[in-house]
Amino acid sequence: MHKIINEKLIGRNKKVSMALFIISLLVLIGGAVLAWPVGDEVDMNRTMYSWIALIIGFILTRLSMYFMTRFGQSPRPDEILDTQALGKLRSDYTYFVYSTPVPMLLLGPCRLWLPVLVTSGGTISYDNGKWKHKGLSVIKRFMGQQTLVDPEETVALATQELNKQYDKQGLPVEDRPEIQPIVVLMLPDTYVENVDTAPYPVVKLDDLKRYIRRIDREACGTPMSEEEKQNIIAALTAGKNK
């Protein structure tokens, strides 16, 4: 498998995550200091500034966790996807990491795979046309684990961004590969129930490579030529590795 990884962006966002963490910590400490009483009388100005600092510190903490879970921790989600699932795919696959308009893509011989990662525990289900995520505690959410964002909205936005990129690079519609979204459960303690009618397949990380190879083997009319794939790669990555 070939890899096209935007190391500059990853490194830059890793520094941003660390800077946000340090700043949020300093702001929270400042808020705590302001909250500490001085003398016998309550200073309303200090109290007000303390609350403002604590609110800002909380917001910055959440922001730092957002960046940290994607770029600051090791291994990152894209690295886990690589080492535990995609790394042993054949050379006719290309794995894009932050080098296209969407975070991760996998170009195979017949289609473009769009992974929608679920990086928290709990139970995923699809009932009455809606995705649901149950069993994630408030503490885990605060620590950076997120409930499932609507995959259909994620896919719609990603498809829109990819088509904008294709249009910008002048890739004809007939040369654009089929986009196949796939919901990937990254943790072993994430479970599924009632997903048979879901619009996209839901696959555990350990089963991902096997699933992709099976679909590309059984549901592939005419594989893309090398020239077609190179045109797609050039269109997807143009101007994105900065």
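A short reminder: the numbers here are calculations on the coordinates, not readings from a lab. Since the structure is predicted, the reported quantities are computational estimates derived from the model, not experimental observations. Here the Cβ positions follow ideal geometry from the backbone for every residue, glycine too, while neighbour counts run over all protein chains shown.
A few remarks follow.
- Using a Förster distance of 41 Å, the FRET efficiency for TYR66-CYS220 (Cβ separation, nearest 0.05): 0.65
- Reducing region 14-39 and region 226-242 to their Cα centroids gives an inter-centroid distance of 43 Å.
- Placing unit charges on the Cβ atoms only, positive for Lys and Arg and negative for Asp and Glu, gives region 151-207 a dipole magnitude near 260 debye about its Cα centre.
- Fewest neighbouring Cβ atoms within 10 Å first, the residues ILE55, ILE212, ILE233 line up as ILE55, ILE233, ILE212.
- Within region 190-222, backbone nitrogen closer than 17 Å to the virtual label 7 Å beyond the Cα of THR123 toward Cβ: 190-198
- Cα shape, region 2-72, gyration tensor, a/c 1.5 rule: prolate
- Restricting the calculation to alpha carbons of the chain gives Rg and Dmax of 21.9, 81 angstrom.
- The chain, dipole about Cα centre (Lys/Arg Cβ +1, Asp/Glu Cβ -1), debye to the nearest 20: 540 debye
- Degrees between helix 44-67 axis and first principal axis of the chain (Cα, 0 to 90, nearest 10): 20 degrees
- Label-point separation in nm, LYS8 to TYR191, each point 7 Å along Cα→Cβ: 4.7 nm
- Among SER74, SER125, SER17, a tally of other beta-carbon atoms within 10 Å of each Cβ gives an order, fewest to most, of SER74, SER125, SER17.
- Residues in region 48-86 reached by a label modelled at ILE29 [backbone nitrogen below 20 Å; 7 Å Cα→Cβ]: 49-65
- Potential extension, ARG46-MET1 segment - 0.36 nm per residue separation minus Cα distance: 10.4 nm
- Rounded to whole Hz, the Karplus (6.51, -1.76, 1.60) HN-Hα couplings of region 110-124, x for glycine and proline: 10, 7, 10, 7, 10, x, 10, 7, 10, 10, 9, x, x, 10, 9
- Bridges between two residues of the chain, per DSSP, are antiparallel at a rate of about 35%.
- Applying 1/(1 + (r/R0)^6) with R0 = 35 Å to the Cβ-Cβ distance of THR159 and LYS242 gives a FRET efficiency near 0.90.
- Karplus-derived 3J(HN,Hα), 6.51/-1.76/1.60, for each residue of region 154-162, Hz, glycine and proline x: 4, 5, 4, 5, 5, 4, 4, 5, 5
- Available extension along the chain between ASP175 and ARG90 is 28.4 nm, counting 0.36 nm per residue and deducting the alpha carbon span.
- Rough spin-label spacing in nm, given labels placed 7 Å along Cα→Cβ, for LYS168 and ARG210: 4.0 nm
- Angle in degrees between helix 208-218 and the longest Cα principal axis of the chain, rounded to the nearest 10: 30 degrees
- Relative contact order for the chain, counting Cα pairs under 8 Å that sit 6 or more residues apart, in percent: 23 percent
- Fully extending the segment from GLU152 to ALA234 would add 26.8 nm, taking 0.36 nm per residue of separation and subtracting the current Cα-Cα distance.
- Where only DSSP H runs of four or more residues are counted, the chain gives -14000 deg cm²/dmol as its mean residue ellipticity at 222 nm, each run worth -39500 (n - 2.57).
- Relative contact order of region 2-72: 50 percent, from C-alpha pairs under 8 Å at least 6 residues apart in sequence.
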